[in-house]
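The values are calculated or read from the model by the stated rules, or taken from the named source; none is laboratory data. Predicted, not measured: the structure shown is a model, and the values here were computed from it. Because the Cβ atoms are built from the backbone with ideal geometry, glycine has one as well, and the counts that use them run over all protein chains shown. Just the protein is used for accessible areas: all its heavy atoms, side chains included, with ligands, DNA and RNA removed. Shrake-Rupley method; radii C 1.70, N 1.55, O 1.52, S 1.80 Å.
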Amino acid sequence: MDTYVLVDFDGTITKEDTCYAMVKAFAKDGWQDIEKDWEEGKITTEECALETFKLMDMDEKRLKRLLDNIEIDSYFKDFIDFCNNRCYKVIIVSDGYDFNIKTILKKYDINIEYYSNKLDFCDGKIVASFNTSPDCDKCGSCKLEVLKKYKKEGSEIIFIGDGYSDICVSQYADKLFAKDVLKKYCEENNISYMPFENFKDIIDYLKQKR
């Protein structure tokens with residue numbers, strides 16, 4: 001059986017949500033109302049991001065300096081080694097940005113596949129593009145579309161996440177690890193999950209079950 005491990009990035013792999021860190025560091029007041037509308041489902045991720053970027057004073061160098069201070073889960077590299085030893089394929093699925101993912105993975109010398117939105121800088125302007133699903137525009141980068149790509153007969157999908165963008169994909173995973181917002185959603189909607197605080201918890205659980 002082929003096993004694919006789909007892992008959220010912000011707040012799951014990283015100890016701090018890089019998108020939220022960007023907003024706190026570089027956005028003027030007003031972003032709170034935009035985020036509230038997004039959390040309540042009144043606007044899409046793309047709409048939220050584009051409106052928030054209008055409030056941000058940020059360039060490539062300043063963003064890199066910010067990202068250099070963000071740490072990953074202390075056991076994530078051990079988790080990658082564990083998955084490699086078991087021939088599990090680890091894939092990052094993020095509703096955040098490739099710029100942030102690439103910068104942080106490079107810092108920790110990690111090379112794994114990822115799916116995300118795109119963020120770049122051109123002539124001093126922030127340029128973002130998104131990978132919305134043709135069936136739903138709620139998230140900028142649809143994690144369910146990625147899951148469908150790897151969900152085949154005889155395959156197993158393990159999903160690990162913590163936030164709003166993980167909700168729609170949660171009920172389709174064969175094994176689900178959840179914390180924070182995702183954990184609360186699973187409890188409220190009777191979705192089976194395993195709680196975790198860090199990747200050591202996930203390693204220990206998978207060792208017991210195999």
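Remarks
- Sum of -39500 (n - 2.57) over DSSP H runs of 4+, divided by residues of the chain (222 nm, nearest 500): -11500 deg cm²/dmol
- Length-normalised contact order of the chain in % [C-alpha pairs under 8 Å, at least 6 apart]: 25
- Whole-percent carbon and sulfur share, accessible surface of region 112-210, 1.4 Å: 45
- Evaluated on region 1-46, the Kirkwood hydrodynamic radius is 12.7 Å, with distances taken between all distinct Cα atoms.
- Loop-located GluC sites (Glu not before Pro) in region 120-165, at most 16 other Cβ atoms within 10 Å (DSSP): GLU153
- Counting DSSP beta bridges with both ends in region 71-210, the antiparallel % (nearest 5): 30
- An oblate overall shape is assigned to region 131-210, the ratio a/c of its alpha-carbon gyration tensor axes (a ≥ b ≥ c) being 1.5 or greater and a/b not exceeding b/c.
- Carbon plus sulfur fraction of accessible area for region 33-99, probe 1.4 Å, in percent: 43
- Value in Å of the Kirkwood radius, where region 27-77 supplies the Cα pairs that are averaged: 12.9
- Once the 1.4 Å probe is applied to the protein heavy atoms, the chain comes out at 53 Å² accessible per residue.
- Shape of region 86-192, Cα gyration tensor, a/c cut at 1.5: prolate
- Over all orientations, the chain has a Cα convex hull whose mean projected area works out to 11.7 square nanometres.
- P(r) histogram, all alpha-carbon pairs of region 1-112 included - 5 Å bins from 0, percent: 2, 10, 20, 20, 17, 12, 9, 6, 2, 0, 0
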